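The values are calculated or read from the model by the stated rules, or taken from the named source; none is laboratory data. Only a predicted model underlies this, so the values are computations on that prediction, with no experimental measurement involved. Because the Cβ atoms are built from the backbone with ideal geometry, glycine has one as well, and the counts that use them run over all protein chains shown. In case anyone asks, the SASA skips ligands and DNA or RNA and just uses the protein heavy atoms, side chains included. Shrake-Rupley method; radii C 1.70, N 1.55, O 1.52, S 1.80 Å.
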Amino acid sequence: MGRISFLALVVLLTGGCASQRLAGADLDRVTRPAFISRIELEAGPHSLVFREDSAYKDKLKKLEPKEADRRLQAKLTAAVTRFEVSERLRVNTFRQLPEERPWVDALDPARVATILESFLVEEVPANAPDYDLLTRLGADSVVEFVIQDYGMRSDKGRAGAYMRGYARMFKINGRAELWRRPFQVDRVTEGAEHLDPFKVGKDPSLFRQELTAMLDVVAAQFAEELRPPDRKPGAPPPEGDSSHTTGRELPAPPKPPEPDLGPGELPDPDP
């Protein structure tokens, strides 16, 4: 529990001057939000372990650092898809919002994905979609999560996962922003337990576990900020209203086979 609390503190402090708090009065102006989560084109996953840290030179022997990073990056890519990364952030934020308006009137994510032509797309659209299309479904605002970079890095022989991006809420008509929160979580900077890249090379699920824990912490932070303390509780959904879709996930796409890594693997981890 202590580790999660520390991660949340890091997320909170990295917002800087570019952040904008959500005011209760602004949230009152929202009637039909749409939730979108996407990953930018060159966001990753990246391996910045062996080229940026000479501590592994002896372990790699004749294997070039650039090639070692390429192999590790392939493992990271196979460990968790971009679709899963973006969806986890959206769904876990949405699930933690209160059962009140405007959240209970949020658009069904499947309808959002369909009209934006991203339904069941493995590579989440890299470019910002045409948000004006959402007005056809009655949306008046967008809550958007964007991941700009993620992967693994290392410093002085200590490796870990990292992730950065931003979240925002804006009105579709005019694009006026009501809320913005840049985020950055870096397990190496935090001094967290070393995530051995050689062990990740043999068991990529170790990276998946670390990344999903980070996503969950960021989602909790977002959900908290989307509940402005100066706002009175919104109206609950009417009895029998079946339109509330909190936590509904898009069906996961078929998991692709592990990519062909070519000859050679990363060295075995130390016993």
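Scanning segment 190-198 finds one or more residues that are among the acidic types (Asp, Glu) and out of contact with any Gly (no Cβ under 9 Å at 6 or more places or on another chain).
For residue 110, the criteria (1) modelled with pLDDT under 95; (2) in contact with a strand residue (DSSP E or B) (Cβ under 9 Å, 6 or more places away or on another chain); (3) among the small types (Gly, Ala, Ser) hold in every case but one, which is (2). So in segment 28-66, with the set limited to residues that are assigned to a strand (DSSP E or B) and of a type outside the set (S, T, N, Q), which one is farthest from residue 145 (Cα to Cα)? Only one residue fits best here, namely 48.
For segment 113-133, filtered to residues that are at pLDDT below 75 and either open to solvent by 80 Å² or more (accessible area, probe 1.4 Å) or not in a loop (DSSP other than H, G, I, E, B) (or both), the residue that is nearest to residue 77 (Cα to Cα) is 123. Exactly one residue among 69, 149 is over 30 Å from residue 25 (Cβ atoms), part of a helix (DSSP H, G or I), touching a Lys or Arg at 6+ places or on another chain (Cβ under 7 Å) and open to solvent by less than 30 Å² (accessible area, probe 1.4 Å), and that residue is 69. On the stretch given as segment 196-208, residues that are within 19 Å of residue 43 (Cα to Cα) and either of a type in the set (D, E, K, R) or open to solvent by 50 Å² or more (accessible area, probe 1.4 Å) (or both) total 1.
Of these, 76, 7, which one is part of a helix (DSSP H, G or I), modelled with pLDDT under 90, open to solvent by less than 60 Å² (accessible area, probe 1.4 Å) and not small (Gly, Ala, Ser)? Sole residue among the options that is part of a helix (DSSP H, G or I), modelled with pLDDT under 90, open to solvent by less than 60 Å² (accessible area, probe 1.4 Å) and not small (Gly, Ala, Ser): 7. Residues in segment 170-195 that are assigned to a loop (DSSP other than H, G, I, E, B) and aliphatic (A, V, I, L, M) were compared, and the one that is most open to solvent (accessible area, probe 1.4 Å) is 176. There is at least one residue in segment 151-167 that is farther than 23 Å from residue 69 by Cβ and either touching a Phe, Trp or Tyr at 6+ places or on another chain (Cβ under 6 Å) or without any contact (Cβ under 8 Å) to a residue 12 or more places away in the chain (or both).
Among the conditions (1) assigned to a strand (DSSP E or B); (2) crowded, with 20+ Cβ neighbours inside 10 Å; (3) touching a strand residue (DSSP E or B) at 6+ places or on another chain (Cβ under 6 Å), residue 164 misses just one, which is (2).
Regarding segment 196-215, can at least one residue be identified that is within 11 Å of the chain's Cα centre (by Cα), more than 24 Å from residue 50 (Cα to Cα) and either of a type in the set (Lys, Arg) or outside any helix (DSSP H, G or I) (or both)? No, there is no match, as no residue in segment 196-215 is within 11 Å of the chain's Cα centre (by Cα), more than 24 Å from residue 50 (Cα to Cα) and either of a type in the set (Lys, Arg) or outside any helix (DSSP H, G or I) (or both). Give the residue that is modelled with the lowest pLDDT, with candidates limited to residues of segment 221-236 that are of a type outside the set (D, E, K, R) and open to solvent by 40 Å² or more (accessible area, probe 1.4 Å). Selected residue: 235.
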